[in-house]
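*Asks:* Let me begin by handing over the structure; questions about it come next.
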Amino acid sequence: MNFSITVLPGDGIGPDVVSEAVKVMNAVGGRFGHSFDAEYGRVGGNAIDDFGTPLPDETVEMCRETDGILFGAVGGPKWDDPRAPTRPEDGILAIRKSLGLFANLRPVKVYPQLINSSPIKPHLLEGVDMIIVRELTGGLYFGKPKRRWDTSRGRRGVDTLKYTEEEIERILRVGFDLAQGRRKRLTSVDKANVLETGRLWREIATEVGEDYPDVELEHVLVDAASMQLISNPAHFDVIVAENTFGDILTDEASVLAGSMGMLPSASLSGLPKPGARRRPVSLYEPIHGSAPDIAGQGIANPIGTILSMASMLRYSLNLEAEAQAVERSVEGVLAEGYRTPDIAGDGGEVVKTTELGDVIAGRV
Ligand code: IPM
Ligand code: MG
């Protein structure tokens with residue numbers, strides 16, 4: 001089959017890791033007889049420099065007419081001025097919003113070979129296998145008003161945490177649907193002891209849960225959830241959380257996996273309907289940022305991006321066997337001892353970003 005893929009490398013290590021994912025994607029093409037036509041677009045700080053906007057219209061067009069979007073990372077110190085009218089991050093936020101990608105799936109898997117790359121005690125990491133479902137187009141990130149202004153009594157700023165019933169219900173349904181195909185436990189994260197949106201979230205979670213009697217629903221306050229994620233991570237199966245809470249909890253969860261560089265994500269406008277031929281456009285990106293301090297040095301870990309590409313094969317292109325081939329290849333290469341510096345806690349052979357991409361592609 002022929003597919004057209006929009007590739008948005010972005011800033012910092014974005015290009016370093018995305019080129020390895022494209023390499024592995026092409027290896028999948030060779031092995032399974034597909035062709036992937038990669039079209040490159042601009043986003044982030046480099047687009048601000050050249051076009052005055054982090055998300056040129058042309059990039060948005062490319063994102064609408066494609067079979068899948070592979071995204072790297074955006075941001076960097078060059079564009080960090082708090083007074084700047086626009087930021088690189090606005091680029092990714094606008095893509096998520098304009099394509100309606102409200103469901104961000106962030107699976108957290110601990111590879112046995114990387115247990116000693118994590119600062120968490122090994123016995124706590126046994127059996128860790130969860131998926132964090134982050135609401136991605138609402139909540140504190142997008143609520144209005146959102147602005148800064150000067151007053152006679154000093155500067156002020158406001159962000160707004162706002163949700164509609166529909167937004168909360170649809171993200172919880174994604175979580176429940178996923179839980180049904182897994183260990184059937186759903187942890188709904190909120191701050192219902194303080195926030196009105198938290199109480200609304202909890203109420204709706206309970207109501208939606210009635211449609212899923214086989215799934216065990218628990219409500220956990222976000223502060224407690226962040227503690228349990230470290231003290232008893234194997235407890236969790238599917239976690240559903242507000243946008244900001246999900247952002248914070250997933251960086252925390254990456255510590256379990258040994259490195260930020262390991263975690264993939266898929267941003268969807270809902271779970272794909274079984275049997276549907278044409279799937280809505282979705283975006284795939286690692287959870288890590290642009291790590292400008294190590295950009296271009298050949299030491300970035302491409303695995304989170306390669307696994308994101310595998311999710312693209314699964315969710316957007318309906319290529320399950322191909323997705324599994326990539327995942328098995330990553331496992332195999334880790335078992336053989338290939339490492340980037342961030343996951344070299346147990347020794348192994350430290351190789352460059354491109355070499356790790358080569359061996360993963362070679363094993364597909
Ligand atoms: C993430 C990142 C982004 C976010 C940034 C780069 C805007 O931290 O995908 O987790 O906050 O969503
Ligand atoms: Mg984040």
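*Asks:* How many residues, within region 73-97, are among the basic types (Lys, Arg) and crowded, with 18+ Cβ neighbours inside 10 Å? Working first, answer last.
*Replies:* Quick first cut of region 73-97, residues among the basic types (Lys, Arg) only: 78, 83, 87, 96-97.
Filter again for crowded, with 18+ Cβ neighbours inside 10 Å, leaving 87, 96.
Residues meeting the conditions: 2.
*Asks:* Here is a follow-up. Can you find even one residue in region 268-275 that is crowded, with 24+ Cβ neighbours inside 10 Å and closer than 30 Å to residue 190 by Cα? So that I can check it myself, show each step before the final result.
*Replies:* Looking only at region 268-275, we keep the residues that are crowded, with 24+ Cβ neighbours inside 10 Å, and these are 268.
Those still in the list that are closer than 30 Å to residue 190 by Cα too: 268.
For region 268-275, residues crowded, with 24+ Cβ neighbours inside 10 Å and closer than 30 Å to residue 190 by Cα: present.
*Asks:* Go through region 36-55 residue by residue and tally those that are closer than 22 Å to residue 280 by Cβ and open to solvent by less than 60 Å² (accessible area, probe 1.4 Å).
*Replies:* 5
*Asks:* Related question: For region 250-364, which fully contained helices (runs of 4 or more DSSP H) count at least 2 residues that are modelled with pLDDT of 95 or more and under 19 Å from the mean Cα position of the chain (by Cα)? First the steps, then the outcome.
*Replies:* Working: elements: 303-311, 320-335, 353-363.
It comes to 303-311, 320-335.
*Asks:* Just for region 227-249: of the residues that are without any contact (Cβ under 8 Å) to a residue 40 or more places away in the chain and either within 26 Å of residue 284 (Cβ to Cβ) or not assigned by TED's automatic domain parsing to the domain that holds residue 200 (or both), which one is nearest to the chain's Cα centre (by Cα)?
*Replies:* 248
*Asks:* Using beta carbons and a limit of 6 Å, which pairs, at least six apart or on different chains, have the first residue in region 130-149 and over 20 Å from residue 100 (Cβ atoms) and the second one among the small types (Gly, Ala, Ser) and surrounded by fewer than 17 Cβ atoms within 10 Å (Cβ to Cβ)?
*Replies:* Qualifying pairs under 6 Å: 148/157.
*Asks:* Now for a different question. Among the strands (runs of 3 or more DSSP E) contained in region 98-167, which hold 3 or more residues that are surrounded by fewer than 14 Cβ atoms within 10 Å (Cβ to Cβ)? Even if it seems obvious, please write down each step before you answer.
*Replies:* Values: elements: 103-109, 129-135, 143-151, 154-160.
It comes to 143-151, 154-160.
*Asks:* How many residues are surrounded by fewer than 24 Cβ atoms within 10 Å (Cβ to Cβ), within 20 Å of residue 118 (Cβ to Cβ) and within 15 Å of ligand 1 (Cβ to nearest atom) if we restrict to region 288-302?
*Replies:* Residues in region 288-302 being surrounded by fewer than 24 Cβ atoms within 10 Å (Cβ to Cβ), within 20 Å of residue 118 (Cβ to Cβ) and within 15 Å of ligand 1 (Cβ to nearest atom): 2 in total.
The values are calculated or read from the model by the stated rules, or taken from the named source; none is laboratory data. Please read these numbers as outputs of a predicted model, since none were measured by experiment. All Cβ positions, even for glycine, are placed from backbone atoms using ideal geometry, and neighbour counts span all protein chains on display. Just the protein is used for accessible areas: all its heavy atoms, side chains included, with ligands, DNA and RNA removed. Shrake-Rupley method; radii C 1.70, N 1.55, O 1.52, S 1.80 Å.
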